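No lab work stands behind these numbers, since they all come straight from the coordinates. Predicted, not measured: the structure shown is a model, and the values here were computed from it. Cβ atoms come from the backbone with ideal geometry, glycine included; neighbour counts cover every protein chain shown.
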Amino acid sequence: MATRRTNGVYYVKRSFKGVGPIYKTLNTKKKTRALARERVLEVLHQQGRLDLIRSFGDGGVSIDELESSFETGNIPDLSARLRREDVTLAEACRVALRLKAPDVADSSLERYTTGLEHFQQFVGEDVSVRDALTDDKVQEFKGHRLAQGVAEQTVNNDMVAVSVLVSRAMKKKWIEDRPEIKQFDYKARIRWLDSGQLASYMATLRPAFRVQMQLLVGTGMRLGETEALRVRDLRLSDGDRRAMVEDSKTTEGVRSVFLPEWVTTALREHIEDHDLDRDDPVFTIPRRTVQQEHARACKLAGLSHYTIHDHRHTAAVHLAKAGMPLNLLQTQLGHKHISMTMKYAAFHPDYSDVSPYFDTAGAALGLGPGNKPGNTHAQKVPVEAGAKDA
């Protein structure tokens, strides 16, 4: 029951299950209103609105706000506002990363985690997510990272991480407005090996690593895809040179990757030499060890700034140079959009050698070899009598 203090104001003094004891003012000297306000608390407790009861006890919301929201049917809005205010940036980041994890590769999740760690260091972990995700804060963070000497592409990675957080915050209704997140224009960096460089690289690799690198260079697969391969995913029977690969970067899940004969032969020998069963992983060497071997081989072969991922570029460039249609190259690489594949168009003969198109156009205009512009005649087009120049 509501109790009166010496100053005449009524207080509620009782324990609510799931919340604990509460001793707070009902902000009225009238008994009937005090009882009505206590009844509001009882109904909210029956409805399971423990967050509101707890916030009232902690001083986060007044009894006046509770009563007004209850009478106008705006309790859900009040509850949502309080949740937004209570969520810190650190907690929001933890939730966003946990819920994003099932949909992305481990490497992507690691990039998101690193980007959000940088964002928290700049803004502050205890700041509310609503105060952190504003146009000004995001833009200031972008400038801060540049001032640290970070490359634009790395800043773009940070912006993607912040975008993941923003999307989750919008769904959770932690924020009302989506802040502007503008990335720097992407500058494509394509490093690839010619035949001589590739031969030097392969010669310096130790045998235990060679087959996996051959698979990367020969198909354009991602390192993570080769790590996920099991023997059952490979189709190496005679006349069948395709591997079904679990692709964690797409919603489709499985895609078909063509294996050239020299890669198929190497894989078959690898499986036989290691006596691998159907459910065994094809490659078991830890990623860090593979990366160290790659760095060692590059150093011995005289290659600088060439990453394992660049094997994918080497495959794509040589397939494009061989004339593979870009839509087939898109399928081979597992690109979701053809725009991602178009960066290899510069190496494709149909795109890089434009002279045949000019020859054809010149012949149609009468400007081919042996013809001079002054000797050609414009095509005559019949004009109706009385027609005027446009």
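Structure values in brief
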item: Per-peptide average of other Cβ atoms within 10 Å, ordering 138-146, 153-161, 196-204 highest first; result: 153-161, 138-146, 196-204
item: Relative contact order, percent, the chain [alpha-carbon distance under 8 Å, six or more residues apart]; result: 10
item: Efficiency of FRET from Cβ geometry, T72 and D106, R₀ 51 Å, rounded to 0.05; result: 0.60
item: Gain on full stretching of the segment that runs from H274 to R14 - 0.36 nm per residue minus C-alpha separation; result: 86.5 nm
item: Label of the coordinate-derived value, volume of the Cα convex hull per residue in Å³, listed as (1) 152; (2) 328; (3) 138; result: (2)
item: Qualifying trypsin sites (Lys or Arg not before Pro) for the stretch 164-194 [loop in DSSP, other Cβ within 10 Å: at most 15]; result: K173, K182, K187, R189, R191
item: Label-point separation in nm, A364 to R296, each point 7 Å along Cα→Cβ; result: 5.9
item: Point-charge dipole on Cβ atoms (K/R +1, D/E -1) for the chain, about Cα centre, debye to 20; result: 1740
item: The chain: angle of helix 31-46 to the longest principal axis, Cα-based, in degrees nearest 10; result: 40
item: V127-T204 FRET efficiency (beta carbon distance; Förster radius 45 Å; 0.05 resolution); result: 0.35
item: Highest average packing first - 87-96, 284-293, Cβ atoms within 10 Å; result: 87-96, 284-293
item: Inter-site label distance for F184 and A80 at 7 Å from Cα along Cβ, in nm; result: 3.8
item: Charge dipole of the stretch 2-83 about the Cα centre (unit charges at C-beta), most positive-ward option of G59, N27, V9; result: V9
item: Proximal lysine pairs, the stretch 1-151, alpha carbons under 19 Å, eight or more residues apart or interchain; result: 4
item: With Cα atoms, 0 to 90° folded angle of helix 63-72 axis to the chain main axis; result: 70
item: Charge dipole of the stretch 195-349 about the Cα centre (unit charges at C-beta), most positive-ward option of P286, M324, L259; result: M324
item: Hypothetical label at Q153: residues of the stretch 296-324 whose amide nitrogen lies under 18 Å (7 Å Cα-Cβ projection); result: 303-318
item: Residue-span extension gain [R235 to E91] - 0.36 nm each, minus C-alpha spacing; result: 47.3 nm
item: Helix axis angle, 195-204 relative to the chain longest principal axis, alpha carbon, degrees; result: 60
item: Net dipole in debye of the stretch 89-171 [+1 Lys, Arg Cβ; -1 Asp, Glu Cβ; about Cα centre; nearest 20]; result: 240
